[in-house]
Amino acid sequence: MTRIALPALALAMAPFFSAPAAAWEGHVQECYETVYVAPEYKYSKRLIKRAETVLEYRGKGKNRQVVRVHYPAVYEEIRNLAQPGHYVLRPAKCRN
């Protein structure tokens, strides 16, 4: 029984260990390369302090004077993710 089982097992396993010489080779039609696309953000702003123009006293003694000073508005920038970073396949020249 052992004399018959080993050759039969060897014949049954032969296709799994055969050389790739009999494999079919395809034809390259198009080539692509992967390109990373950076994430996109949408920006908005939120008012923290309004702009104002005020009169201030500056200096001491004889050099004291009234000046008009403008203080610009202060905003907080808010950044929201619109589209995360990802990879894209782009057509490329075939090298092989």
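Coordinate-derived values only; no laboratory data. Note that the structure is predicted; figures quoted are calculated from it, not measured. As a convention, Cβ positions derive from the backbone with ideal geometry for all residues, glycine included, and neighbour counts pool all protein chains shown.
Relative to the current alpha-carbon distance between LYS60 and GLU40, full extension at 0.36 nm per residue lengthens the span by 1.9 nm. Count Lys and Arg as plus one, Asp and Glu as minus one, and take only other residues whose Cβ is under 12 Å from that of ILE48; the net charge is then +2. For the stretch 43-91, the Cα-based Rg and Dmax, in that order, read 23.0, 77 Å. Potential lengthening of the chain between ARG95 and ARG68 amounts to 2.8 nm, from the contour at 0.36 nm per residue minus the alpha-carbon distance. Here the label points at TYR87 and GLU30, each 7 Å from Cα along the C-beta direction, are separated by 1.8 nm in the simple model.
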